[in-house]
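Everything on this sheet refers to the single structure shown next.
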């Protein structure tokens, strides 16, 4: 039995930090605090560099995602820790779309991973459900579907206005996200995978999902692969979430389902996510918005951001540090060391301090 500090490599990890807007700045600061504590406890060297890509920057000089930003990130960093974007001063949220969606598309981060894990039974709105009943992950296709912004408006602001929004599904895109889901299930010893679509109403685009799913299923015979239309899946997630372990869905549907999953495990404040292309740089962010009304008031829940940092550590090959952070979060919830949305009485900074102190004071061991 050895401590993580005795087994870790000293090679530095380079992390880009983009706090963004509003409460994103608040929670990212706490995630960085806890990340530094975990690194110090294990002897891991991390180098953090912050970028001011935000509404403030856009309003100051018109910059959203600078030219060459994606290439620079690939060349210099192992991962990106992201806050949240959105500011009422930018009514069309152009900066948010160009920065976040721009990075997703330019870095080809085709996996949006959204774990839905209940930290404590009292957090779920469902009756008589335990932590064992709510432990699944949703993989949302992240670079296609209705989010590609293909379409247009004809006769805008007239009674005859027509708006068209195109949905794109490619065989390559569908196959790689479905394969990722199956491979994740196999790697993590999860025996059930559910694919969801709306092929009964969208027979062309989601018919492709059906065909590719049918082709892949025989390659993973040990996994019980099932299908539910998205409306049925949403109902089943509420009725009996324990039946799900891995869910894979198209972009828009996965976005909606994963927000439902977040509410089932305690709300958006505890929900992390990763935008991933396996083997490449990834972007990790809490799923909540920038919440401008509470920004700077020491009210925002930092747990989603802290758990996103843990996901990032897993992805860059540091699972012991990730496990240390998750254990700290579980204990904080169990002991009520949380913000008011989870029933505690602490502020954003105080929760971050508590988590960092816990990680510092509790060595994590592994065989």
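Since every read-out is calculated from the coordinates, none of them should be taken as a lab result. Since this is a predicted model, take the numbers as computed values, not measurements. Cβ coordinates were reconstructed from backbone atoms using ideal geometry, including for glycine residues, and neighbour counts include every protein chain displayed.
The range 6-64 and the range 168-183 have their alpha-carbon centroids 30 Å apart.
In a fully extended conformation the segment linking residue 211 and residue 240 would gain 7.7 nm over its present Cα-Cα distance, using 0.36 nm per residue. Distance between the 7 Å Cα→Cβ label points at residue 154 and residue 56: 4.5 nm. Residues 311, 346, 268, 72, ranked from the fewest to the most other C-beta atoms within 10 Å, line up as 72, 268, 346, 311. A full extension of the chain between residue 220 and residue 360 corresponds to an added length of 46.3 nm, given 0.36 nm per residue minus the alpha carbon distance.
Between residue 231 and residue 45, take the C-beta separation as r, use R0 = 51 Å, and let me know the FRET efficiency to the nearest 0.05. Kindly include the intermediate steps, with their values, before the conclusion.
Details: r = 49 Å, r/R0 = 0.95.
E between residue 231 and residue 45, to the nearest 0.05, is 0.55.
The ranking of 130, 290, 258 by Cβ neighbour count inside 10 Å, starting from the fewest, reads 130, 258, 290. Measuring how big the range 111-266 is from its alpha-carbon positions, Rg and Dmax come out at 17.0, 56 Å. Note on residue 297 and residue 71: their simple-model spin labels are 4.4 nm apart, each label 7 Å out from Cα toward Cβ.
Please compute the contact order of the range 111-266 in relative form: average sequence separation of alpha-carbon pairs under 8 Å and at least six residues apart, divided by the residue count, as a percent. Mind showing how you got there, number by number?
Numbers: 271 pairs, mean separation 54.8, N = 156.
Here the relative contact order equals 35 percent.
The antiparallel fraction among DSSP beta bridges confined to the chain stands at about 45%. Could you pull out which residues in the range 206-247 have an amide N less than 17 Å from a spot 7 Å beyond the Cα of residue 128, following the Cα-Cβ vector? The answer is 238-243. Take the alpha-carbon centre of the range 312-367, take the same for the range 218-280, and report the distance between them in whole Å. After rounding, the separation between the Cα centres reads 24 Å. Model label sites at residue 200 and residue 335, defined 7 Å from Cα along the beta-carbon direction, differ in position by 5.0 nm. Computed over the chain with a Gaussian network model linking Cα atoms closer than 10 Å, the most mobile of 41, 214, 96 is 214.
Residues of the range 132-170 with amide nitrogen under 18 Å from the 7 Å Cα-to-Cβ point of residue 91? The answer is 156-158, whose backbone nitrogens lie closer than 18 Å to the label point. Among 298, 169, 149, the residue with the largest mean-square fluctuation in a Gaussian network model of the chain, with springs joining Cα atoms closer than 10 Å, is 149. Under a Gaussian network description of the chain, with springs only between Cα atoms under 10 Å, the residue in 71, 330, 192 that fluctuates furthest is 71.
For residue 280 and residue 189, what does the FRET efficiency come to when R0 = 30 Å and r is the distance between their Cβ atoms, rounded to the nearest 0.05?
Values: r = 25 Å, r/R0 = 0.84.
Here the calculated transfer efficiency is 0.75.
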